[in-house]
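Enquirer: Provided herewith is a single structure, encoded as structure tokens, for subsequent inquiry.
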């Protein structure tokens, strides 16, 4: 049974106040009635604490639900071309303040191998976020907790889409009984992940098409709702 420290202290204080006072005589019946009332009050107080905790838990679950106007679904092969456009704009619009034009072109070139891209997405098996038939974000979650791709369309960044998608991935990770999730995040995306409880394990540079891209391995320990 959960107890509430506030009411524990309150009941102790009440008991102290009701100590027999000199020159005032209370019979055994009065003491019995007092302690019965005190016990009932304590039970009611503990029940109240449990209801408050339950209410806070319900609010937390409601907060964790992805935004109602977003539809999150499994990747389909016909999504591949649109997801590449999303991938391209996410990097070129979202990372332009932290990387040079040459780095961005090496990281996300305009020309790409359609077959290779389709195979990559099929292997990742990501979840895509759809809004009125348009794909606005996608991300995957692997069995070891790795989030390999996490991209939000450049026009939709800063609008809560990434937050909803990340909550969805964390809920899936808990269903998969994972204790941690981790990902390799660009300089531009690190502030977002830090704001959602991730920490930097270490920084590194990765070579992509002849360009060195600075990023960091970030990790978050997941806690299960009680």
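Where a number appears in this text, it was derived from the coordinates with a stated rule and is not lab data. Computed from a predicted model, the values in this text were never measured in an experiment. Because the Cβ atoms are built from the backbone with ideal geometry, glycine has one as well, and the counts that use them run over all protein chains shown.
Enquirer: Take each of the peptides 206-212, 89-95, average the number of other beta-carbon atoms within 10 Å over its residues, and list them starting from the highest.
Expert: 89-95, 206-212
Enquirer: Once you order the gyration tensor axes a ≥ b ≥ c over the Cα atoms, which shape class does region 132-226 get: rounded for a/c under 1.5, otherwise prolate or oblate by comparing a/b with b/c?
Expert: Oblate.
Enquirer: Let a ≥ b ≥ c be the square roots of the eigenvalues of the Cα gyration tensor of region 71-221; is it rounded (a/c under 1.5), or, if not, prolate (a/b larger than b/c) or oblate? Before the final figure, lay out each step's value.
Expert: Details: a/c = 1.44, a/b = 1.07, b/c = 1.34.
Rounded, since a/c falls under 1.5.
Enquirer: For the peptides 147-153, 128-134, 158-164, what is the packing order when you average, over each peptide's residues, the other Cβ atoms within 10 Å and list the highest mean first?
Expert: Working: 147-153: 21.3, 128-134: 14.7, 158-164: 16.7.
Those peptides, ordered most packed to least, come out 147-153, 158-164, 128-134.
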